[in-house]
Structures are given as structure tokens and as C-alpha cells.
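The values are calculated or read from the model by the stated rules, or taken from the named source; none is laboratory data. Only a predicted model underlies this, so the values are computations on that prediction, with no experimental measurement involved. For neighbour counting, all protein chains shown are included, and Cβ atoms are generated from backbone atoms with ideal geometry for every residue, glycine included.
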Amino acid sequence: MELEVNDPRLIQITTFLGTLGVIPRDFFETEDRLSILLDEEYSDSLPKMKSALTYLRKIAHKDVDIILFSNDLNRFCSYLFHPAKVNKIELRKSKKGRILIVHVDFWQRGIALGKRSYKLHRARYFISKYFPRIENVYIQT
């Protein structure tokens, strides 16, 4: 699957990441935050990219998050809801399809949701796109 980018800011971010040797897999954008999805193979270059995040924030005029993609659903959920610790994930069947329930500790639920529940919306977007059998994502304590 090839990423199509039409926004000039995202083209500039993709070009800048390309100079670091990193090719983004996907983007998720809200009013105040931009999430960049990278393959797990780029986990070694994350320390180099942390210093580049300030430049990316200036380009995007938003906070920028970097998330790693994994084909393993457990690991991908832990990346999506980081720094909250995911205790377990559970797949349930419903009338509409399969539902993913992410279990976190009670006191980490706010961390897992994020400001204005952006982490939950981001997780729903990425999981429904890359794991099409899953219809919805819920966080449970």
C-alpha cells in the first residue's frame, strides 16, 4: 500500500523524513496533533528522529507523535497507547463485526485516551485501516 500525500505540509514532512532515511507509512491529523506511523524497522532511528521532532512541529504547526507499526496486534496497541501500559487486549464478536477491547489500569485510562480522546480516535483509524476485520476499539479498565 502506497501513501498518497496531497497536503504541502505533509509533503514537506515526508521529504524531511526521507533525508533521515525514514519513509512514513501513514498520517493521522487532528486539530492540534499530527501522528506519523512508521514501520517497526525504523525503531533504531528513533533517537535520531527525536531531535528532528522540533523541526517537524514547526512545519506542521502542531504537536507531532511518532508511532511504530507492527503486524502483531498486541504490540501495535502498546505502541498506539504508549505511555499507558496495556494489560491485555481482547477481541469480541458483535452484530456489526469484531470489537477490540484494550484493558488498561484504572489510573492510566486518561493517559490511554489522551487529550480529547485523540489516542482512541487515532487507534480506531489505524486499526480499522490496517486490521480491516476489526470494526471498533474500546478502552476498558
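Quick notes on this structure:
- Set LEU91, LEU120: member being more than 28 Å from GLN12 (Cβ to Cβ), outside the structural domain of PHE16 (by TED's automatic domain parsing) and assigned to a helix (DSSP H, G or I): LEU120
- Inspection of segment 61-80 finds a residue satisfying the criterion of being of a type in the set (Lys, Arg), assigned to a loop (DSSP other than H, G, I, E, B) and out of contact with any His (no Cβ under 6 Å at 6 or more places or on another chain).
- Annotation: of all residues in segment 84-141 being under 20 Å from ARG33 (Cα atoms) and among the aromatic types (Phe, Trp, Tyr), the one that is nearest to the chain's Cα centre (by Cα) is PHE126.
- Candidate set from segment 60-75 (those that are farther than 19 Å from MET49 by Cβ and in contact with a strand residue (DSSP E or B) (Cβ under 8 Å, 6 or more places away or on another chain)); member that is surrounded by the most Cβ atoms within 10 Å (Cβ to Cβ): LEU73
- Residue list for segment 94-104, restricted to those being surrounded by fewer than 12 Cβ atoms within 10 Å (Cβ to Cβ) and either assigned to a helix (DSSP H, G or I) or basic (Lys, Arg) (or both): LYS95, LYS96
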